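Visitor: Shown below is the structure under consideration.
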Amino acid sequence: MSVITVRVPKNLKRRMSKFKNVNWSEVVREAILERIAVEERLGSKDWGLIRSAVKEMDELMEVVEARGGKCDYDSAETIRNWRDVRAWRGQL
């Protein structure tokens, strides 16, 4: 097995030292594996195709706005609202 060095601030090292039962090397290995998986998924995307799709979506939005005017609808606000409602109902 190869060895790498990871530097952490002294405060973080002190906090880590409180948890003697944690295998920090294993935690770091797992974090690296997860990050590699993310990077490999990102690397396999066709970024040219994605840019083309974004351009097409922007052009479509311009057409929609030209026909019906600008829409102030915020889908993120609606999603957040429904998640809050679900969470609230789950507490009953």
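Visitor: Assign one of three labels to the stretch 47-90, namely rounded, prolate or oblate, based on the Cα gyration tensor with a ≥ b ≥ c the square roots of its eigenvalues; rounded applies when a/c is under 1.5, prolate when it is not and a/b is larger than b/c, and oblate otherwise.
Guide: oblate
Visitor: Need one word for the chain: rounded, prolate or oblate. Basis is the Cα gyration tensor (sqrt eigenvalues a ≥ b ≥ c); a/c below 1.5 gives rounded, then a/b vs b/c decides.
Guide: It comes out oblate by the Cα gyration axes.
Visitor: Can you tally the net charge around Met61? Count Lys and Arg as +1, Asp and Glu as -1, for every other residue whose Cβ sits under 12 Å from the Cβ of Met61.
Guide: -2
Visitor: Taking 0.36 nm per residue of sequence separation and subtracting the Cα-Cα distance, how much length would be gained by fully extending the chain between Asp84 and Leu33, in nm to one decimal?
Guide: Net length gain for the segment: 15.0 nm.
Visitor: Relative to the longest principal Cα axis of the chain, at what angle does helix 75-90 sit, 0 to 90 degrees, rounded to 10?
Guide: Taking Cα atoms only, the helix is inclined about 60 degrees.
Visitor: If you don't mind, another one. Can you list the lysines whose alpha carbon sits under 19 Å from that of Lys45, skipping same-chain ones fewer than 8 residues off?
Guide: By straight Cα distance, Lys45 reaches Lys55.
Visitor: So if I place +1 on the C-beta of Lys and Arg and -1 on the C-beta of Asp and Glu, and nothing else carries charge, what would the dipole magnitude of the stretch 32-83 be about its Cα centre? I want it in debye, nearest 20.
Guide: 140 debye
Visitor: Would you mind working out the magnitude of the charge dipole of the chain relative to its Cα centre, with +1 at each Lys and Arg C-beta and -1 at each Asp and Glu C-beta, to the nearest 20 Debye?
Guide: With Lys and Arg at +1 and Asp and Glu at -1, about 1100 debye.
Visitor: Along the positive direction of the dipole of the chain (beta-carbon charges: Lys, Arg +1; Asp, Glu -1; about the Cα centre), which of Tyr73, Leu12, Ser44 reaches farthest?
Guide: Checked the options; the winner is Leu12.
Taken together, the values in this text are just the output of simple stated rules run on the coordinates, not laboratory data. None of these values were measured; they are calculated from a predicted model. Cβ atoms come from the backbone with ideal geometry, glycine included; neighbour counts cover every protein chain shown.
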